[in-house]
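Take a look at the structure set out below.
Since every read-out is calculated from the coordinates, none of them should be taken as a lab result. Everything numeric here is computed off the predicted structure, so don't read it as measured data.
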Amino acid sequence: MAPDGSAKTIAELIATLPEEERLILTLHLVNMISATEIAEKLGVPERAVSSVIASGRSRLIGLIS
């Protein structure tokens, strides 16, 4: 719980992320789609998707802390 007594759900935290991170993290964490599949669906390199997943996770951890 946050110091002010409010608590945010993961969905609320994800909603605060930039659109690209929000989309990719939702596909990966919520829908359980692999980075490879996401890359194919979006027509982007897998390495780019993996990078967005890593940065998005870091940003979420920062929001939780």
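Residue by residue, segment 10-20 carries 3J(HN,Hα) couplings of 4, 4, 5, 5, 4, 4, 7, 6, x, 3, 4 Hz when phi is fed to the Karplus relation 6.51 cos²θ - 1.76 cosθ + 1.60 (θ = phi - 60°); x denotes Gly or Pro. For the Cα atoms of the chain, what angle does the longest principal axis make with the long axis of helix 46-64, in degrees from 0 to 90, nearest 10? So the helix axis and the longest Cα principal axis differ by about 0 degrees.
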